[in-house]
Amino acid sequence: MHLVGFLRSHGVEVFQRDLSIKVVRDILIEYGDETTEELLELLSGNAPASAKIEASKVIDELALWIRDNVDGNFGFSRYAERISASASSFGMIEKLILKRGVMDSFLEARVREAIKETRPDIIGITCPFPGTLVAAFKIAAYVRKHYPRIRLYLGGGFVSTELRDMTDTRPYEYFDGFLFDEGYAKLLEVINPSKAVDEKDVPLFIKPSYDGISWDEYFDVVETENPMHRLWSVGRWRKLVMARGCYWHKCAFCDVKLPYIKCFSMPGAKEIVDAMEILGREFHFVDEAMPPSLLGAVSKEILRRKFKCVWWGNVRFDESFTPHLAKLMAKAGCIAVTGGLECAVDRLLKLMNKGITKASALKALRAFSDAGIMVHAYLMYGFPTETEAEAKSALGFVRRLFKEDLVQSAFWHRFALTCHSPIASNPKQFGIVIAKEKRFRKRFCRNELAYHEEGAPDWERIGRGLDLALYNYHEGRGLSKPLSFFL
């Protein structure tokens, strides 16, 4: 959407299509019964949450049946995700590209339809996560065979993090090039070299375009009554980027070496609210972390215009989120925030250079709670040097947050070491030894690194215990899912 908006501002004729939602609907209707289409329509509308929960169960059971009986790689929003996530060699991916699966005929039909409608010279495909990789290459293989004049380019978050060190030439048989990071300047150069711009000349704010997106095709998948959790799977949120990059960009576990994190820039509030007024009334800001100063300015601009909207996005739980700012945000339509508490232990927060403490996070959380803003907390376990006692301490802290209603949902995930992080550059400081990487004459993906930590606890066991403890805690509050399922 943002790329479309940018290219159109430079006079490029560009179209967009979301083939994924079309294909998954095609598959579900093909393998479902006479009620499937009716259930999808119910999930697309304004039915009560309880009705959508029941309908979602039926659709989810159908998806599992397709996975178990038709194609083991099938999932709602992903295909062969586990294989793609660990594909250091392109060989295993190419086998899946060439193998016919449940989605191939539907995907090819939708590609033909889109090409007939738009008659493109260039097709750009986005690959935001591993579960979209195989489908992206299947599209490219089909276009290469049937429309050889069309040039093909692949970009997106997965490409930017995983394929930067690619030396294998086989992927270039499918794509003419791979675009890293935001891709604004590079894609414009690919399309029309005479209109090329330098990255530093790309505007601070890009107004997205949703032309070509059929909102009525999307359906909700509702697992719980929890209103915070439902934000990810319910609604028609217009995605906006408030500021590019991260204003902190210092966390030791983060990919801070990459431009999409480290190159922070912040536009004016007027540009952002101008776009909001045009695009709709429901927004999800997908920033790495929404800057507090800009949030204040945007909130004031929304209120000055008396623009009625609802919005949410990711923040850092630092002391800049005062009660005054939180109330201002709520008054301007903010209904929820997400943010990282990580290991929720001060020693580890300092080691990872998170820039917050438990005390500062509590102040921010209380400010949001008092303002009526819901909170989801991201947590991690297994960070280098973390002890089992610290993990249990973090669990106690999180349970306290739930008890005081300072967070409404959360998720614990296992720490992963990535090659673009500060930890990978200085593993000794964090008490780990990075495993020697296997040498590939033809490397495909490279991101997560294996490592060894002498005397580390059994994180598999502890992780199961964290999930179980929070599951029991939530069951006592009448919730039907363990916390590990809340995202």
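Taken together, the values in this text are just the output of simple stated rules run on the coordinates, not laboratory data. It should be emphasised that the depicted structure is a prediction, and the values quoted were computed from it without experimental measurement. Every residue, glycine as well, gets a Cβ built from its backbone with ideal geometry; the counts of neighbours run over all protein chains shown.
So here's what we get for this one:
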quantity: Rg/Rh for the chain, where both radii come from Cα atoms and Rh is the Kirkwood radius; calculated: 0.94
quantity: Length added when fully stretched, residue 399-residue 293, from 0.36 nm per residue minus Cα-Cα; calculated: 35.1 nm
quantity: Cut-off 12 Å, label 7 Å out along Cα→Cβ of residue 425, residues of the range 235-251 by amide N; calculated: 250-251
quantity: Kirkwood hydrodynamic radius over Cα pairs of the range 2-201, then Stokes diffusion coefficient at 37 °C and 0.692 mPa s, in µm²/s; calculated: 178 µm²/s
quantity: Mean separation of Cα contacts under 8 Å (6+ apart) over length of the chain, as relative contact order %; calculated: 14 percent
quantity: Protection proxy ranking, peptides 25-36, 418-429, average beta carbon neighbours within 10 Å, highest first; calculated: 418-429, 25-36
quantity: Helical mean residue ellipticity (222 nm; -39500 (n - 2.57) per DSSP H run of 4+; nearest 500) of the chain; calculated: -12500 deg cm²/dmol
quantity: Stokes-Einstein D in µm²/s, Kirkwood radius over Cα pairs - the range 223-485 at 37 °C with 0.692 mPa s viscosity; calculated: 166 µm²/s
quantity: Calculated FRET value between residue 51 and residue 210, using beta carbons and R₀ = 25 Å, to 0.05; calculated: 0.35
